[in-house]
Amino acid sequence: MRPDPGQVLHFSEDPTIERFLPHVAPTSTVGEPYVWAVGADRCPDYWFPRACPRAMAWRTPATTDADAERIIGLGCGDRVHAVEYGWLKAIMEVRLYAYRLPAEVFAPIGDPPHAVVARVPVEPLGPPEPVTDLLELHERAGIQLRVLGDLWPFWNEVTSSTLGFSGIRMRNARR
């Protein structure tokens, strides 16, 4: 599930949103109200239930072959996502929806950018589309999906490596 040209996506478990209003998310580290979305490159970060903790890593131009082999694996692609066993059932059962939004009202946020934001209300370009079989989406995209008992050792390796990385909802991971 990726946006078409001129679009960005917002993923949600709520299929009833008719208009996105800028707001400060309870989990946000920024105080300005935004409508959040992602471009094609970051869509896989959201192929999960909203509350699911996930640690993600990918090869970048600065990634060493040693780090890629050690963390991603030899011949295993350029990207890996990791979740905990306790979330596997939710990943397989969640009803996730993608809203297509007009890209022209969004601007990148973060350094490097990890999402796009709008400061004005945004109406979807059509009804939300069901995002089906999240495991299959990962497989088709060539993204390794690892299921671990504990995300923290993996996260510590990733964040001290030369790989690009992102952690979402890590506060929900086991301690």
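Read-outs throughout are calculated quantities, based only on the coordinates presented, and are distinct from any laboratory measurement. Note that the structure is predicted; figures quoted are calculated from it, not measured. No Cβ is skipped: glycine too gets one built from the backbone with ideal geometry, and neighbour counts run over all protein chains shown.
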Worksheet item: With the radius of gyration and the Kirkwood radius both derived from the Cα set of the chain, what is their ratio Rg to Rh?
Response: 0.96
Worksheet item: Under the rule of -39500 (n - 2.57) per DSSP H run of 4 or more residues, summed and divided by the residues of the chain, what mean residue ellipticity at 222 nm is obtained, to the nearest 500 deg cm²/dmol?
Response: -3000 deg cm²/dmol
Worksheet item: Using Cα pairs under 8 angstrom and six or more residues apart, how large is the relative contact order of the chain, in percent?
Response: 35
Worksheet entry | Loop-exposed GluC sites (Glu not before Pro) per DSSP, neighbour cap 14 Cβ within 10 angstrom, longest uninterrupted part of the chain | 19-175
Worksheet item: For Val24 and Glu136 in the same chain, what is the full-extension length gain: residue separation times 0.36 nm, less their Cα-Cα distance, in nm?
Response: 37.1 nm
Worksheet entry | Antiparallel DSSP beta bridges within the stretch 7-172, percent to nearest 5 | 85
Fill in: the stretch 98-119 and the stretch 120-175: distance between their alpha carbon centers, rounded to Å
18
Practice prompt. Starting from the Cα of Thr60, step 7 Å toward the Cβ, then list every residue of the stretch 105-126 with an amide N under 20 Å from that point.
Written response: 108-117
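I need to check one value: relative contact order of the stretch 85-167, counting alpha carbon pairs closer than 8 Å and at least 6 residues apart, in percent. Before the final figure, lay out the partial values.
Details: 62 pairs, mean separation 25.8, N = 83.
Computed over the stretch 85-167, the figure is 31 percent.
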